[in-house]
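**Student:** Pasting a structure here, questions to come.
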Amino acid sequence: MPVPLLDLKAQFESIREEAMAAVLGVIESQRFIMGEQVPQLELAIASLSNTGHGIACASGTDALLLPLKALELKPEDEIITTPFSFFATAGTIANAGGKPVFVDIDPGTFNIDPDAVEAAITPNTRGIVPVHLFGQMAQMERMLRLAEQHGLVVIEDAAQAIGARRKIAGEWKAAGELGWVSAFSFFPSKNLGGWGDGGMMVTSDGSLAARLRLLRMHGGAKQYHHEEIGTNSRLDTLQAAVLLVKLGHLQDWAEGRRGQAAAYDAALAEIDGVTTPPVESANEHVYHQYTIRAERRDELKEHLARCAVSCAVYYPKPLHLQPCFAQLGYVEGSFPVAEAASREVLSLPVYPELTSDQRETVVNAIGGFYT
Ligand SMILES: Cc1ncc(COP(=O)(O)O)c(C=O)c1O
């Protein structure tokens with residue numbers, strides 16, 4: 001039985017009628033740009049993340065880039081982030097005119113290591129971009145404390161973590177809630193994925209929200225008047241309509257993902273050669289990815305492909321070793337934990353529509369490889 005890494009067709013079948021009706025509604029209205037579904041989605045995502053304002057934009061990448069641009073970075077300004085993430089996390093820092101400063105990660109969660117962040121702070125540091133990798137929140141309480149001590153901003157890269165929570169001082173805090181501003185991605189494969197590109201910034205800072213609204217629409221509140229140089233980074237009404245439908249299912253889907261993960265945890269614990277992903281006790285994971293560490297990872301991946309099981313390596317080359325960042329001076333060995341993760345990680349199919357037969361196929365194929 002073939003097992004795809006993700007089955008968006010199965011997801012579509014489960015929401016076909018409501019999603020098609022929502023799309024048809026937009027087509028009938030012919031309000032493709034900034035139709036009513038866009039502010040509706042902004043309100044809904046702000047509410048989900050316990051923030052005051054949502055500002056929709058064209059992608060998760062822009063949801064990071066626009067706030068970084070709002071910082072008006074100079075070339076010597078440093079933003080500390082993780083080398084074990086999708087390219088946009090660091091690419092946007094450079095594109096906004098600043099200098100990405102990488103630090104190593106925690107070997108368990110793969111998230112940025114707060115001690116390493118602290119050690120990397122210099123007089124040029126302006127901010128920290130923690131990533132809630134694979135759907136598990138980074139240690140935000142440590143990031144916030146460092147930011148307060150050193151006068152920095154925290155921009156949460158919550159692209160993979162919509163709906164995730166972390167208990168801090170006895171209170172649940174949502175992904176996106178604690179940053180100066182936070183970025184979500186609606187890339188189709190995300191837990192809340194559109195039918196194309198899309199993103200959202202959330203913040204509780206009203207004046208920042210107003211500024212981001214300007215920046216995503218050519219820098220002007222009034223048509224043909226431009227207070228600053230912005231860009232076109234709107235979210236299409238069609239995407240907002242689809243996302244509003246999907247948002248109604250997000251909680252159930254997250255439960256489904258957690259159920260799949262728990263079943264994998266139990267089944268894979270029996271197999272030598274595999275380490276299942278630990279969850280910090282403070283965290284409620286949303287399993288955008290279920291990522292194991294595996295001995296002989298590349299051979300295992302080939303074996304799984306022969307068994308018709310799709311899996312993926314996120315991420316095979318850490319960001320500090322990417323050729324485009326060579327001028328930053330990092331070398332092999334700069335961040336051994338991130339580098340080891342790149343050699344060992346493997347993400348398995350974890351979507352809610354995965355059947356128990358399919359999951360067993362994955363587990364049996366992995367077991368077959370190691371016995
Ligand atoms: C951690 C992380 N940051 C940023 C992004 C960028 O989002 P997008 O692809 O919507 O531009 C992604 C998604 O691809 C991501 O996984």
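**Student:** Take Arg258 and tell me if it is away from the ligand (no atom under 16 Å from the Cβ), assigned to a helix (DSSP H, G or I) and closer than 30 Å to Val363 by Cα.
**Tutor:** Against the criterion (away from the ligand (no atom under 16 Å from the Cβ), assigned to a helix (DSSP H, G or I) and closer than 30 Å to Val363 by Cα), Arg258 qualifies.
**Student:** Here's another thing I want to ask about it. Could you pull out the residue among Leu208, Leu192, Leu244, Leu215 that is within 26 Å of Asn50 (Cβ to Cβ), buried (at least 17 other Cβ atoms within 10 Å of the Cβ), in contact (Cβ under 8 Å) with a residue 24 or more places away in the chain and touching a strand residue (DSSP E or B) at 6+ places or on another chain (Cβ under 7 Å)?
**Tutor:** Selected residue: Leu208, the only one of Leu208, Leu192, Leu244, Leu215 that is within 26 Å of Asn50 (Cβ to Cβ), buried (at least 17 other Cβ atoms within 10 Å of the Cβ), in contact (Cβ under 8 Å) with a residue 24 or more places away in the chain and touching a strand residue (DSSP E or B) at 6+ places or on another chain (Cβ under 7 Å).
**Student:** On to the next question. I'd like the full set of residues that are crowded, with 21+ Cβ neighbours inside 10 Å, part of a helix (DSSP H, G or I) and hydrophobic (A, V, I, L, M, F, W, C), limited to the stretch 38-91.
**Tutor:** Val38, Leu41, Ile45, Ala46, Leu48, Ala63, Leu64, Leu65, Leu66, Leu68, Ala88, Ala90
**Student:** Give me a count of the residues in the stretch 140-170 that are away from the ligand (no atom under 16 Å from the Cβ) and in contact (Cβ under 8 Å) with a residue 60 or more places away in the chain.
**Tutor:** Residues flagged as away from the ligand (no atom under 16 Å from the Cβ) and in contact (Cβ under 8 Å) with a residue 60 or more places away in the chain within the stretch 140-170 amount to 5.
**Student:** In the stretch 223-240, which residues are part of a loop (DSSP other than H, G, I, E, B), modelled with pLDDT of 95 or more and of a type in the set (S, T, N, Q)?
**Tutor:** Matches in the stretch 223-240: Thr231, Ser233.
**Student:** Being touching a Ser or Thr at 6+ places or on another chain (Cβ under 9 Å), under 25 Å from Val286 (Cβ atoms) and not aliphatic (A, V, I, L, M): is that true of Pro114 here?
**Tutor:** Answer is no for this residue.
**Student:** With (1) over 28 Å from Glu284 (Cβ atoms); (2) in a loop (DSSP other than H, G, I, E, B); (3) of a type in the set (A, V, I, L, M) as the list, and Leu5 as the residue in question, which single condition is left unmet?
**Tutor:** (1)
**Student:** Look at Gly108 and say whether it is in a loop (DSSP other than H, G, I, E, B) and touching a helix residue (DSSP H, G or I) at 6+ places or on another chain (Cβ under 6 Å).
**Tutor:** In short, no.
**Student:** Please state which of the following conditions Lys246 fails to meet, knowing it meets all the rest: (1) among the charged types (D, E, K, R); (2) over 30 Å from Ala96 (Cα atoms); (3) away from the ligand (no atom under 16 Å from the Cβ).
**Tutor:** So Lys246 meets the others, but not (3).
**Student:** May I pose another question? Conditions: (1) within 16 Å of the ligand (Cβ to nearest atom); (2) of a type outside the set (Phe, Trp, Tyr); (3) touching a strand residue (DSSP E or B) at 6+ places or on another chain (Cβ under 8 Å). His53 meets all but one. Number of the miss?
**Tutor:** (1)
**Student:** Which pairs turn up if I take residues in the stretch 171-188 that are within 16 Å of Leu68 (Cβ to Cβ) and free of Cβ contacts under 8 Å to residues at least 60 places away in the same chain and look for partners that are within 16 Å of the ligand (Cβ to nearest atom) and in a strand (DSSP E or B) with beta carbon separation below 7 Å, at least 6 apart in sequence or on another chain?
**Tutor:** Gly179/Val154; Gly179/Ile155; Gly179/Glu156
**Student:** Here is a follow-up. Is there a residue in the stretch 41-56 that is without any contact (Cβ under 8 Å) to a residue 40 or more places away in the chain and of a type in the set (Gly, Ala, Ser)?
**Tutor:** yes
**Student:** If we scan the stretch 22-37, do we find a residue that is within 16 Å of the ligand (Cβ to nearest atom) and either in a helix (DSSP H, G or I) or under 30 Å from Thr361 (Cβ atoms) (or both)?
**Tutor:** no
**Student:** Another one. Hey, among the residues in the stretch 82-120 that are polar (S, T, N, Q) and in contact (Cβ under 8 Å) with a residue 60 or more places away in the chain, which one's farthest from the ligand (Cβ to nearest atom)?
**Tutor:** Of the residues in the stretch 82-120, the ones polar (S, T, N, Q) are 82, 85, 89, 92, 95, 109, 111.
Pick out the ones that are also in contact (Cβ under 8 Å) with a residue 60 or more places away in the chain and you get 82, 85, 89, 109.
Values: Thr82: 9, Ser85: 5, Thr89: 5, Thr109: 14 Å.
Looking at residues that are polar (S, T, N, Q) and in contact (Cβ under 8 Å) with a residue 60 or more places away in the chain, I get Thr109.
**Student:** Would you please name the residue that is farthest from the ligand (Cβ to nearest atom), looking only at residues in the stretch 211-222 that are in contact with a Gly (Cβ under 8 Å, 6 or more places away or on another chain) and either of a type in the set (Asp, Glu) or assigned to a loop (DSSP other than H, G, I, E, B) (or both)? Working first, answer last.
**Tutor:** The first filter runs over the stretch 211-222 and keeps only residues in contact with a Gly (Cβ under 8 Å, 6 or more places away or on another chain), leaving 214-220.
Adding the requirement that they be either of a type in the set (Asp, Glu) or assigned to a loop (DSSP other than H, G, I, E, B) (or both) leaves 216, 218-220.
Numbers: Arg216: 14, His218: 20, Gly219: 21, Gly220: 24 Å.
Ranking the qualifying residues of the stretch 211-222, first place goes to Gly220.
**Student:** Another question, if that's okay. Given the structure, is Ser47 at pLDDT 95 or above, farther than 29 Å from Asp115 by Cα, near the ligand (Cβ under 9 Å from one of its atoms) and not charged (D, E, K, R)? Full working, then the answer.
**Tutor:** Numbers: at pLDDT 95 or above: yes; farther than 29 Å from Asp115 by Cα: yes; near the ligand (Cβ under 9 Å from one of its atoms): no; not charged (D, E, K, R): yes.
The answer is no for Ser47.
**Student:** Sticking with this structure for a sec: Please find, among Leu208, Leu178, the residue that is away from the ligand (no atom under 15 Å from the Cβ) and under 16 Å from Cys57 (Cα atoms).
**Tutor:** Leu208
**Student:** Listed residues Ser49, Ser59, Ser29; which is under 13 Å from Ser182 (Cβ atoms) and of a type outside the set (A, V, I, L, M)?
**Tutor:** Ser49
**Student:** What's the total number of residues in the stretch 195-205 that are within 14 Å of the ligand (Cβ to nearest atom) and buried (at least 22 other Cβ atoms within 10 Å of the Cβ)?
**Tutor:** 4
**Student:** Which number in (1) touching a strand residue (DSSP E or B) at 6+ places or on another chain (Cβ under 9 Å); (2) surrounded by fewer than 19 Cβ atoms within 10 Å (Cβ to Cβ); (3) assigned to a helix (DSSP H, G or I) marks the one condition that Arg142 misses?
**Tutor:** (1)
The values are calculated or read from the model by the stated rules, or taken from the named source; none is laboratory data. Quantities reported herein were computed from a predicted structural model and do not represent experimental measurements. Don't worry about glycine lacking a Cβ; one is built from the backbone with ideal geometry, like all the others, and counts go over all protein chains shown.
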